[in-house]
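Participant: First, the structure itself, so that you have it in front of you.
No lab work stands behind these numbers, since they all come straight from the coordinates. It should be emphasised that the depicted structure is a prediction, and the values quoted were computed from it without experimental measurement. Here Cβ is always computed from backbone atoms with ideal geometry, including for glycine, and neighbour counts include all displayed protein chains.
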Amino acid sequence: MPNKRRRYGKSRVRRRRGFLLLIAVAAGLFALPFVLGAPEAVRKVVYPMRYEETIRQASRENGLEPAFVAGVIYTESRFRPEAESPQAAYGLMQMLPATAEFVQQRSGIEGDFRDPRTNIRMGTWYLGYLDGRYNGDERLMLAAYNSGEGRVDGWISEEGFDIARDIPFKETRDYVENSLEARETYEGLYGKNLSRDTGWSIPFANIYDETRGRADS
């Protein structure tokens, strides 16, 4: 009986080692393309590209750079179409219901703001509206998108206010800087017009659309 137990114990250890080895080999094979293609391949997984045709079209219609809009989407939702905040902001561009209603009334864009492409069109229109309101100042646009026009109007009415250093809310300061940094990253990876080959991002970033038959074309 003791011998049988020892043999059984050794067999179980061998199976466990074999299983762990199999996991290690599988992990190595999975990581190999990223190691060989780093850093760009890895960065394209971290900074995915989805809905690029919709982003390009909406950007053209509103006089914006597609990479700028992509940077906002990344900062808002990490390109997750079902992202929802505790404040009820929804979707890729985190549209609030009240903002979506304002955009629909002013722009004529129809549809449910929770639909990913409608969300992009509405959010990009609103960025274009802010672009005109703040004379193309990207920091003011982003601050207003995050914190509201009323707050930004109050800040800039103060003598000596500098948008680059004087935003009183840390969340908004971080949002502005993160959006601009994300814009530079997307421009570097995909080009200003997001027309550069998307490469490694496709299998990972578009899986949501492919499983629902809604991939951009």
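Participant: Give me the net charge of SER157's neighbourhood, meaning all other residues with Cβ under 13 Å from the Cβ of SER157; Lys, Arg count +1, Asp, Glu -1. The partial results should precede the final answer.
Facilitator: Details: positive: ARG151; negative: GLU149, ASP153, GLU158, GLU159, ASP166.
Local net charge: -4.
Participant: I'd like the FRET efficiency for ARG165 and ALA98, computed as 1/(1 + (r/R0)^6) with the beta carbon distance as r and R0 of 25 Å, rounded to 0.05. All intermediate terms of the calculation are to be shown ahead of the outcome.
Facilitator: Details: r = 30 Å, r/R0 = 1.20.
That gives a FRET efficiency of 0.25.
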